[in-house]
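Chemist: Got a structure for you, questions after.
The values are calculated or read from the model by the stated rules, or taken from the named source; none is laboratory data. If you're wondering where the values come from, they're calculated on a predicted model, not measured in any experiment. Cβ coordinates were reconstructed from backbone atoms using ideal geometry, including for glycine residues, and neighbour counts include every protein chain displayed. In case anyone asks, the SASA skips ligands and DNA or RNA and just uses the protein heavy atoms, side chains included. Shrake-Rupley method; radii C 1.70, N 1.55, O 1.52, S 1.80 Å.
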Amino acid sequence: VFINLWEKIYNNIFEQDINTAAKINLCMHELMTSLIIVNTKYDFEKVKALISLKYNEKLTLEEMAKSESMSKYFFIREFKSALGITPYEYLLNYRIGAAKQLLTSTLMTVDEIALGCGFNSTSNFIKRFKRSLGMTPLLYRKKYSNIV
C-alpha cells in the first residue's frame, strides 16, 4: 500500500495538469491515514512479557492494561481484537501450558503445580485443565510423561 501511494505521488509530480496538486494531496492523505491505521494495531508484547514473568502470581487486568498504557476496557477490547481471545484466556492458556510442561517433566504433585502456575486452588486448576484439554492433569501426566 505504501509503495503504491509513493509511486502515485511521484508520478503525479511530473504531470502538468490542473488537478496535479489535488491528486498529490489525496495521495498524501491516504498515506497518512494508512500510517495511522498501521500504528494503532497493537502487538501486546509488553503484556505477553509480563504474563511470562508473572503468570504464577495474581495478575490483574489493571496490571496488564497498565503495562500497555491503556485503560482496562480499551485494553480488553483491543487485546481480543488483535489476538482473538481475552487477556484472561491468554493468561489461563499460558498457565495451562506451564502446567503441562511441569506434569511431563517433573515429579511435582498436582497441588504443587496448581499453586506454582498461579491457580488459586487445586480444584480450580483441575477444572480448568480438564475443560481445556479434555482430561485431568493426572491422566495427562500418565499419557505424555517422559518420567518413569
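Chemist: Counting only protein heavy atoms, what percent of the accessible surface of region 49-148 is carbon or sulfur at a 1.4 Å probe?
Modeler: After summing per-atom areas, the C and S share lands at 55 percent.
Chemist: Tell me the mean residue ellipticity at 222 nm calculated for the chain from its helices only (DSSP H runs of n ≥ 4, each -39500 (n - 2.57), averaged over every residue, nearest 500).
Modeler: The per-residue figure over the chain is -22500 deg cm²/dmol.
Chemist: Mind listing which trypsin sites (Lys or Arg not before Pro) in region 18-111 are in a DSSP loop and have 16 or fewer other Cβ atoms within 10 Å?
Modeler: When the trypsin sites (Lys or Arg not before Pro) of region 18-111 are filtered for loop state and at most 16 Cβ neighbours within 10 Å, K41, K58 remain.
Chemist: Along the three principal axes, how long is the chain when you take its alpha carbons, biggest first, rounded to the nearest angstrom?
Modeler: Per principal axis, max minus min of the Cα coordinates gives 80, 32, 22 Å.
Chemist: If the convex hull of the alpha-carbon atoms of region 76-148 is projected onto planes in all directions, what is the mean projected area in square nanometres?
Modeler: Spelled out: convex hull of the Cα atoms, projected over all directions, averaged, 5.0 nm².
Chemist: So, one more: May I ask you to give the solvent-accessible area per residue for the chain, in square angstrom, as obtained with a 1.4 angstrom probe?
Modeler: Dividing the accessible area of the chain by its residue count gives 66 Å².
Chemist: Run the numbers on the chain and let me know its relative contact order in percent, using alpha-carbon pairs under 8 Å that are six or more apart.
Modeler: 17
Chemist: Please enumerate, by chain and number, the lysines with C-alpha under 25 Å from the C-alpha of K142, excluding those fewer than 8 residues away in the same chain.
Modeler: The qualifying lysines are K100, K127, K130.
Chemist: At a threshold of 8 angstrom on Cα-Cα distance, excluding pairs fewer than six apart, so keeping six or more, what relative contact order does region 87-148 reach in percent?
Modeler: Computed value for region 87-148: 36 percent relative contact order.
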